[in-house]
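Written below as structure tokens is the structure these notes are about.
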Amino acid sequence: MEISDLIIRHDTATGARLPVRRDEVVQALRAAGDRRGARIAASLPHRDGVLDGPAVERLLVRTHTELQRLNEELRIAEQLARLLAALLAAVSRRGERPRVVDVGCGIGYVIRWLAATGVLGDVELCGVDFNAALVDEANRLADAEGLPCRFVHGDAFALPRDAPIYISNGLLHHLRGADLGAFFRAQDGAGARAYCHFDIAATRLAPLGAWIFHRARMREPLGRHDGVASARRAHADHELMAAAGSAPGLVPVLYRPTRHSNPFSASTRPVLGVPARDLPALREALGASARHLVAESRPVPRPW
């Protein structure tokens, strides 16, 4: 379990933050056998047993700021930009200004990097997150950097306009059970033309790699704990493809699936989705890199 998933709750209808009792978080972690996580949760500030909302939000902003350093070292934004450029070439229509929406954007690192580099050309860049504190920090950073992008608090799939392409980074492993398939179907229902979602590759070395990186680059105990928990919760390729395949309007493909990758260097792997008619155009836009696209994935035994 990830502590960050337990200490923040939102009303799905209004987006308002709900109170969270510290003892309930501690008890949930203890019940899962996570004594270290329970100790970290027990140390969080509270008022009469209810977690101090502003203090928790500041903690999450600090943790996401540290996480940005890992994304920078792993060059996640650059990897995503290469695939995103191919997706835009495959699905964009003449004369339109494409729109890219980052789901669960956090403090907006990927969107801000795309805006700062201009690597995608004339596109509308938007990030959406349920956590208002993270959205406020993303907007503050974008304003300070003078970047042409915006960040919105709320549901990415309830925006007033259709989004040609949805993206995310490190979101999928937070979705468990039926929620994972519902996530992909929501994009289809919201009129997405394509998606590109990066998440942790479920390899045998992922937990060890996460421990090393987070220990070396993160100071917050919560961030160190959740980084390893994230790697242990990563979806196997066949689980991810089964969930993505439940959205009938978009064909999912994996880029460099784990069984085709060196486990020493496969920290992440993306799943892409396009309408069937646009799949040949995507392969053409990727050129020689199209050989890394795999449309099916067989089950592989879990290493834990």
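Values quoted throughout were computed directly from the atomic coordinates according to the rules given, and no laboratory measurement underlies them. Quick caveat, the model's predicted, so the values are computed rather than measured. So basically every Cβ, Gly included, is an ideal-geometry build from the backbone, and we count neighbours across all protein chains shown.
Listing for the model above:
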{"read-out": "Per-residue [θ]222 nm for the chain (sum of -39500 (n - 2.57) over DSSP H runs n ≥ 4, rounded to 500)", "value": "-13500 deg cm²/dmol"}
{"read-out": "Taking segment 1-51 and dividing mean pair separation by its residue count, relative contact order in percent (alpha carbons under 8 Å, at least six apart)", "value": "35 percent"}
{"read-out": "Efficiency of FRET between residue 132 and residue 242 - r from beta-carbon atoms, R0 35 angstrom, step 0.05", "value": "0.60"}
{"read-out": "Computed magnitude of the charge dipole of segment 1-51 (debye, nearest 20; Cβ of K, R +1, Cβ of D, E -1)", "value": "200 debye"}
{"read-out": "Cβ charges +1 (Lys, Arg) and -1 (Asp, Glu), total dipole of the chain, debye", "value": "840 debye"}
{"read-out": "Neighbour-limited loop hits for GluC sites (Glu not before Pro), segment 1-101 (at most 14 other Cβ within 10 Å; DSSP other than H, G, I, E, B)", "value": "96"}
{"read-out": "Max mean-square fluctuation residue, GNM over the chain, Cα-Cα springs under 10 Å, options 270, 160, 98", "value": "160"}
{"read-out": "Span from the segment 1-62 Cα centroid across to the segment 187-211 one, whole angstrom", "value": "24 Å"}
{"read-out": "The chain: relative contact order as a whole-number percent, Cα under 8 Å and 6+ apart", "value": "17 percent"}
{"read-out": "Length released on extending from residue 117 to residue 58, taking residue separation times 0.36 nm less the Cα-Cα span", "value": "18.4 nm"}
{"read-out": "Selection from 249, 71, 18, by position along the positive dipole direction of the chain (Cβ)", "value": "71"}
{"read-out": "Max mean-square fluctuation residue, GNM over the chain, Cα-Cα springs under 10 Å, options 268, 117, 63", "value": "117"}
{"read-out": "Longest site-free stretch - the chain; sites: trypsin sites (Lys or Arg not before Pro), DSSP loop, at most 13 other Cβ within 10 Å", "value": "220-304"}
{"read-out": "The chain - share of DSSP beta bridges that are antiparallel (%, nearest 5)", "value": "50 percent"}
